[in-house]
Amino acid sequence: MEYFVDKQSIVREIWGDSDTILLIFAGASAEFALNKAVDWLYFTGQLPKDPLGRLFSTVSYARTIVFAEKQVAFNAIDKINAIHGSVEKSRGKVIPNWAYKDVLFMLIDYSIRAYEILERKLERQEREAVFKVFYEVGKRMHISDLPKDYEAFKVMRHAHIKQHLYNSDFTKDLYKQYRKHLGLIRFKLLIETQIMLTPQTVVRLLELRKISMLKPLISVYKMSRIIKLDGVLKSVILPSAYKKQIKAMNISKHKSSHRIFFNQSL
């Protein structure tokens, strides 16, 4: 049986831990709000109606692909293409190639950033492995002009952040929706996580503080994982609607079950 991602790959370790995935989600939620193509997500009305569900949907698709057999992963990617094609047809426009790359680049960058905050610095070949997985996703999606290796990705990622992020009316509205759906305390936690995780350009555009109040607490949280108290903390922090979904993301802790379901779309 051939899998899309080798079973020994660091990518499976990254995407098999709910803590890491939650950080990826936090980073993506910041950049989705700032991206100049966010109007595409507003076009369907699903993003402002259910911003958490829409963002979890993106992360869930990526996670499904990481753990799937090769053909199943291809089918999932093809489904994403079909959904996008349907939205393009409804709007009468084509989603820009750079917008597809922006999302792909987010998944690469925040996979690395999240893991390094919670675990350890990745070796160069491990970073390359993360890049390679999502490069293959991009190829299957027919995204053009992709960087050929991790070093080229870093250059292109930096350029995309400078060119394609903007604090617009959509940004302000989406952050209002985050606050509405998360509640004040969870929203504040999201902001502190974004300060800690995202590139400085993102922090500046969102007009956030440079230093996160969560940074000194990371070592405490790591200790809570060792003594198995992290589940208690997450039960307090997480929205109840997503607790079961997030718990199920711990593939490494539930190795007997690698079946992943997803049913949300644009």
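Residues in region 91-100 that are touching a residue at least 24 places away in the same chain (Cβ under 8 Å) and of a type outside the set (Lys, Arg) were compared, and the one that is nearest to Asn35 (Cα to Cα) is Ala99. Scanning region 56-71 for residues that are more than 15 Å from Ile143 (Cβ to Cβ), touching a residue at least 60 places away in the same chain (Cβ under 8 Å) and among the β-branched types (Val, Ile, Thr) turns up Thr64, Val66.
Exactly one residue out of Lys132, Lys101 is within 12 Å of Phe153 (Cβ to Cβ) and either crowded, with 19+ Cβ neighbours inside 10 Å or at pLDDT below 95 (or both), and it is Lys101. Pairs please, first residue from region 185-205 and modelled with pLDDT of 95 or more, second anywhere and crowded, with 21+ Cβ neighbours inside 10 Å and not in a helix (DSSP H, G or I), Cβ atoms under 9 Å, 6+ apart in sequence or on different chains. Matching pairs, first to second residue: Thr201/Leu165; Val202/Leu165; Leu205/Leu165.
Considering Arg157, Arg179, the condition of being out of contact with any Gly (no Cβ under 9 Å at 6 or more places or on another chain) and farther than 20 Å from Lys101 by Cα is satisfied by Arg179 alone.
Would you pick out the residues in region 168-192 that are of a type in the set (A, V, I, L, M, F, W, C) and closer than 9 Å to Ala33 by Cβ?
Phe170, Leu174
Considering region 3-61, and only residues there that are in contact with a strand residue (DSSP E or B) (Cβ under 8 Å, 6 or more places away or on another chain) and outside any loop (DSSP other than H, G, I, E, B), the residue that is nearest to Pro199 (Cα to Cα) turns out to be Glu31. Looking only at residues of region 206-221 that are touching a residue at least 24 places away in the same chain (Cβ under 8 Å) and of a type in the set (A, V, I, L, M), we find that the one that is nearest to Ile21 (Cα to Cα) is Ile218.
The residues in region 31-65 that are of a type in the set (Phe, Trp, Tyr) and closer than 30 Å to Glu13 by Cβ can be counted, and the count is 3.
The values are calculated or read from the model by the stated rules, or taken from the named source; none is laboratory data. For clarity, every value in this text was computed on a predicted model and none was experimentally measured. No Cβ is skipped: glycine too gets one built from the backbone with ideal geometry, and neighbour counts run over all protein chains shown.
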